[in-house]
Amino acid sequence: MKVLEYSPGFRTQPQARLTRRAVTVGLVNNMGDAALKVTERQFTDLVSMSAGDIDVQFRLFALERTPRSPRALEYISARYDPASAAMEGDLDALIITGAQPRTARLSEEPYWEELIELIDWAKEHTASTILSCLAAHAAVLHLDGLERRPLPEKCTGVFVFSAQPDHPFAGWQKRAGLIPHSRYNGLSRSDLERAGYDILTSSHTHGVDSFTKCFGSQFVFLQGHPEYDANSLAREYRRDLGRYLRRETDRRPARPKGYFNAEAEADLDALEFRAREEPGFLPIEDLSIVGALAPTEAPWRDAAISFYRNWINMIATSTRHDAANAALLTRQPAWVSVEAYQET
């Protein structure tokens, strides 16, 4: 497996002649109750598929100040540790998910102080941390004072992004690739570059997809969602259209671009026409068609696996974790599987 040369502060050395290596990755799942289980499954499945010959111990954490229903709290209590426990253990890396925003200002989110404390800890105690979507926006605001900017319309769909060819982490994708996005806000490329961030993947039309910066730990920021399932954008569009039909918002939802095939687009045109002409008369049950029109396969899956495989390999070959890996290997650790469960 190729060993990456990485940015200052994150040096690698030739891979040892070991049959197995091990890393411990913590997932801080901050998604809302409705998406909690599916987000957990998406990330655990993707890490599992990307691990290759590396043993990955996967631990689940949740921010305690995120408002939850009693049912969600019961589920979290059975499977998750509090995020504060992540700072007490010996994690090699973190993945911090986004969340549905509750306030106009990120610093007013109920979990803000807890989140930035975790980010500050990760700078000094992880080899690398991935920050996804809202977590990426929160991190750059805290670390460098960069404010996200509202977009004229929700950026939703599957878009082509090109990799910066001379970036050490671009080995996962030397050419243009597809990545799903779903966000109302974005970060300016010029602001990021002035603050010392390296742009990894971007598009002239849809802006920055991913970017990196070393804070001692190598932070990787994702505005997109490579972990998404094939039907994730359809579920979100159905949710947003349902809110519109229930008149919880007067904004007609943006349809994911580059996602549905031509036949599905025609069916959705007819559905949206009915919703627009008679928003109070279209039964919510009719929205079931949206899920049925979703693609059956995710064309971004191979790129996502390659990205996470490179990330896991980078962590495993970090000099700061060689001793820890050697100790784990002497105990011949077994692969830690993710318990299967039914989404309800």
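Table for the structure above
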{"read-out": "Qualifying residue in segment 268-283 (condition: at negative phi, at pLDDT 90 or above and surrounded by 15 or more Cβ atoms within 10 Å (Cβ to Cβ))", "value": "yes"}
{"read-out": "Unique residue being of a type in the set (Val, Ile, Thr) and in contact (Cβ under 8 Å) with a residue 40 or more places away in the chain when the list is VAL220, VAL208", "value": "VAL220"}
{"read-out": "Residue pairs meeting the criteria (Cβ under 9 Å; at least 6 apart or on separate chains; first free of Cβ contacts under 8 Å to residues at least 60 places away in the same chain, in segment 108-119; second open to solvent by less than 20 Å² (accessible area, probe 1.4 Å) and not aliphatic (A, V, I, L, M))", "value": "GLU109/THR66; PRO110/THR66; GLU114/THR66; ILE119/THR129; ILE119/PHE219"}
{"read-out": "First in segment 282-305 and closer than 12 Å to PRO180 by Cβ, second anywhere and among the β-branched types (Val, Ile, Thr) and at pLDDT 90 or above, Cβ under 6 Å, 6 or more apart", "value": "TRP300/ILE179"}
{"read-out": "Scan of segment 243-275 for residues that are in contact with a Leu (Cβ under 9 Å, 6 or more places away or on another chain) and part of a helix (DSSP H, G or I), ordered by number", "value": "LEU245, GLU263, ALA264, GLU265, ASP267, LEU268, LEU271, GLU272, ARG274, ALA275"}
{"read-out": "Residue satisfying all of: in segment 176-194; farther than 17 Å from PRO253 by Cα and out of contact with any helix residue (DSSP H, G or I) (no Cβ under 8 Å at 6 or more places or on another chain); most open to solvent (accessible area, probe 1.4 Å) among these", "value": "ARG194"}
{"read-out": "Selection status of GLU74, among the acidic types (Asp, Glu) and assigned to a loop (DSSP other than H, G, I, E, B)", "value": "no"}
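The values are calculated or read from the model by the stated rules, or taken from the named source; none is laboratory data. In this text, all values refer to a predicted model and were calculated from it rather than measured experimentally. All Cβ positions, glycine included, derive from the backbone under ideal geometry; neighbour counts span all protein chains shown. Side chains are part of the model used for accessible areas, which takes the heavy atoms of the whole protein and leaves out ligands, DNA and RNA. Shrake-Rupley method; radii C 1.70, N 1.55, O 1.52, S 1.80 Å.
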